[in-house]
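What follows is one structure encoded as structure tokens, with my remarks underneath.
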Amino acid sequence: VLTVRRPEGVVYDLVGSRQVPARQKDGSLSIDVHLGPCDGRVYMIAPRPIEAIRVQAPAQAKRGAAAACTIEVIAAGGKPLEAVVPVEVEIRDAEGRLAEFSGWYAAVGGRIQIKLDVAPNDPPGVWQIFARELASGRTGAAYLRVLGPQPWPPERGPAPKAVQLKG
């Protein structure tokens with residue numbers, strides 16, 4: 001039994017991405033812990049339960065410009081959770097490849113701000129911003145269209161004439 005002097009809260013197992021049943025008694029929280037040999041856990045105690053994860057991104061972005069994305073871990077009541085929550089972020093370009101800024105983040109105060117710098121040579125099309133918070137395992141996604149050359153598709157000129165090489 002693990003006991004923490006805290007009158008209330010919600011306990012999450014960050015390794016298992018799940019909520020752990022906790023008991024409140026005499027100003028303390030207690031949870032049952034079963035560890036095997038060489039086993040370990042990381043627990044987070046939050047003031048309120050996690051309801052959802054919200055990912056917001058602009059509808060479109062130009063190549064060579066920046067796009068601001070916001071990821072929020074939402075608690076009961078619809079507001080960002082007042083805690084530091086670990087979040088895994090995957091940003092996939094229009095060809096399905098992991099893009100820059102993919103990785104692990106800490107949602108301080110339940111919020112992450114990511115400024116995506118879309119390179120001039122990044123592939124145009126629909127990009128996905130996917131986030132999974134490690135406390136409850138909830139996920140969220142948003143989509144961003146990276147605009148290509150204008151007009152799209154680019155006009156094609158006449159085909160070059162075939163030339164027979166001598167020799």
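The values are calculated or read from the model by the stated rules, or taken from the named source; none is laboratory data. A quick note: this is a predicted structure, and the numbers were derived from the prediction, not measured. FYI the Cβ positions are ideal-geometry reconstructions off the backbone, even for glycines, and counts take in every protein chain you see. The protein model used for the area step is the full one, side chains on, heavy atoms only, and it has no ligands, DNA or RNA in it. Shrake-Rupley method; radii C 1.70, N 1.55, O 1.52, S 1.80 Å.
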Query raised in the report: Reachable lysines from LYS62, Cα under 18 Å, same-chain residues fewer than 8 places away excluded?
Result: LYS115
Query raised in the report: Can you pull the three principal axis extents for the Cα set of region 1-84, in Å, largest first?
Result: 55, 34, 16
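Give me the percent of the accessible area of the chain that comes from carbon and sulfur atoms, probe 1.4 Å, all protein chains in place.
On the way: 5490 of 10550 Å².
Whole-percent figure for carbon plus sulfur exposure: 52.
Can you tell me, using C-alpha contacts under 8 Å and at least 6 residues apart, the relative contact order of the chain as a whole percent?
On the way: 384 pairs, mean separation 37.7, N = 167.
About 23 percent, as a whole number.
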**Report entry** Probe 1.4 Å, protein heavy atoms only - accessible area per residue of region 53-167 in square angstrom
**Finding:** 61 Å²
Requested in this report: Return an integer: the convex hull volume of the alpha-carbon atoms of region 93-144, in Å³ per residue.
Outcome: 87 Å³
Report task. Please return the longest stretch of the chain lacking exposed loop sites, where GluC sites (Glu not before Pro) count only if DSSP places them in a loop and at most 16 other Cβ atoms lie within 10 Å. Result -> 9-81
Report summary line: In the list (i) 146; (ii) 154; (iii) 135, the entry giving volume of the Cα convex hull per residue in Å³ computed from the coordinates is (ii)
**Report entry** Principal axis dimensions, region 47-117 - Cα atoms, whole angstrom, descending
**Finding:** 40, 21, 17
Report task. Report the charge-dipole magnitude of the chain in Debye, nearest 20, computed about the Cα centre from +1 at each Lys and Arg Cβ and -1 at each Asp and Glu Cβ. Result -> 420 debye
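Hey, if we sort LEU165, LEU29, LEU14, LEU35 by accessible area with the 1.4 Å probe, largest down, what's the order? Walk me through the intermediate numbers first.
Details: LEU165 145, LEU29 5, LEU14 35, LEU35 95 Å².
Largest to smallest exposure gives the sequence LEU165, LEU35, LEU14, LEU29.
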